[in-house]
Amino acid sequence: MKDIENLTNIYNSKLNLIYLKEPQIYNYYLMLLKLTNPNSSDKDKQNYYNEIKTVFKIPSINISTFIKKLQNKTKPITELKLQYEKALKELSIDKDLSLYHVSTLSPERLNGYILPKKNLTMYEESEDSFVFATTSEIKKLLYCGRGYNNGMIRIDKNTMIYGSDNNFLIENNKLLLKEPVFCYELNINNFNPVTSINKDVNNNLKFNFDYEWVSKEKVDLKDVKNIEKVDDLTKLLDEYQIYCNATGDSNIAYSIRNCKTKDEQLLLLDQYTNNKSLKNINKEVQASNNLLNKQQTM
């Protein structure tokens, strides 16, 4: 959405003005994220803190005190991040954007409410009990594919690996769902956007927003605007490269995501596809299309 892109550019400019004045602020921010990461154990956090103390010759203070110091040092960008999120929400409300929550549960099975579930947010910087939703039509389909397919791991912006293909049916040039999933259109007022900060290829700081929204409040089905049953994900393949894990080993996807370069990722994707550990869904749908065209011309 162009309006959101323009808004993000404005806040990126503000972010980099702060960065110019305080070049170390991003390093402090990364330290803070690592020391508060919900994926890390207390032991891992303490080991990382010990490394920081050694490298930067930090006086012997406990980890919680150090975290508070980092929070103070990073306030200019964390407060700007909150302002950016507030502006995103105001713009989305003003533009009356639709917000979708995807579930394998029908309205009858929800017992009147969509309940928060504990999970990591998109950028894996926080974990809590949330109702997750998106304002993107194409990402709505992406989440539909996750239902019954044992989750989804993001490799890069346009490459996804589902945990399995249990619920996929490839037929007549289409990617279909054996069991449909349900999209609930919600009121955006009780939700907040999920954002992050990182560096671009030019070493500038930038805000990331990929249309994910979360709320800690349960949603009353009486407040749901519309319910759509979805069983066709073919449009998803126009924007995403989709793979499915054929082994159940989630380490395959993580090993690809953790590659240092895109070339390394592509090599691993080819390797795992060739040995049948991964299924290339785009290719399988295209093969279905070629077979269909051949049958129609016979």
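Read the figures in this text as sums done on the coordinates, not as results from a lab. Worth saying up front: this structure is predicted, and the values here are computed from it rather than measured. When we count neighbours, we look across all protein chains shown, and the Cβ atoms used for this are built from the backbone with ideal geometry, even at glycine.
Summary table below
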{"read-out": "Dipole-positive endmost among T54, Q83, M31 within the range 1-96 (Cβ charges, Cα centre)", "value": "T54"}
{"read-out": "Choice from R257, R146, R109 with maximal GNM fluctuation in the chain (Cα, 10 Å cutoff)", "value": "R109"}
{"read-out": "DSSP-assigned coil residues among GluC sites (Glu not before Pro) in the range 178-255, each with at most 15 further Cβ atoms within 10 Å", "value": "E217, E239"}
{"read-out": "Low-density loop cleavage sites - GluC sites (Glu not before Pro) in the range 91-183, where at most 15 other Cβ are within 10 Å (DSSP)", "value": "E124"}
{"read-out": "N150/N208 FRET efficiency (R0 35 Å; Cβ-Cβ; nearest 0.05)", "value": "0.85"}
{"read-out": "Theoretical FRET efficiency, 1/(1+(r/R0)^6), r = Cβ-Cβ of I61 and Q24, R0 25 Å, to 0.05", "value": "0.85"}
{"read-out": "Mean residue ellipticity (222 nm) of the chain, computed from DSSP H runs ≥ 4 via -39,500 (n - 2.57), nearest 500", "value": "-13500 deg cm²/dmol"}
{"read-out": "Cα gyration tensor of the chain - equivalent ellipsoid semi-axes, whole Å, descending", "value": "37, 25, 19"}
{"read-out": "Per DSSP, loop trypsin sites (Lys or Arg not before Pro) in the range 15-62 with at most 14 further Cβ within 10 Å", "value": "K57"}
{"read-out": "Only Lys, Arg (+1) and Asp, Glu (-1) charged, at Cβ; the chain dipole about Cα centre in debye", "value": "900"}
{"read-out": "Translational diffusion of the range 31-122, µm² s⁻¹ [Kirkwood Rh, Cα pairs; Stokes-Einstein; 10 °C; 1.306 mPa s]", "value": "92"}
{"read-out": "Top of N166, N202, N119 by mean-square fluctuation, Gaussian network on the chain, Cα under 10 Å", "value": "N202"}
{"read-out": "Selected from I161, I114, I52 as most flexible by GNM, with the chain as the system and alpha-carbon contacts under 10 Å", "value": "I52"}
{"read-out": "Percentage relative contact order, the chain, counting C-alpha pairs under 8 Å, at least six apart", "value": "19"}
{"read-out": "Phi to ³J(HN,Hα) by Karplus 6.51 cos²θ - 1.76 cosθ + 1.60 over the range 189-200, Hz, x for Gly, Pro", "value": "4, 8, 10, 10, x, 9, 10, 8, 10, 8, 9, 8"}
{"read-out": "Cα-based reach from K276 at 15 Å (exclusive), listing aspartates and glutamates while leaving out same-chain residues under 8 positions away", "value": "D165, D249, E284"}
{"read-out": "Computed E for L237/K199 - FRET, C-beta separation, R0 30 angstrom, nearest 0.05", "value": "0.45"}
{"read-out": "Inter-part distance where the range 1-67 and the range 93-139 are each reduced to a Cα centre, Å", "value": "28"}
{"read-out": "Long pairs among K45/K279; K45/K216; K86/K118; K69/K157; K53/K206, criterion Cα-Cα beyond 30 Å", "value": "K45/K279; K69/K157"}
{"read-out": "Cross-link table K2/K235; K81/K222; K89/K139; K34/K262; K73/K199, entries beyond 26 Å C-alpha to C-alpha", "value": "K81/K222"}
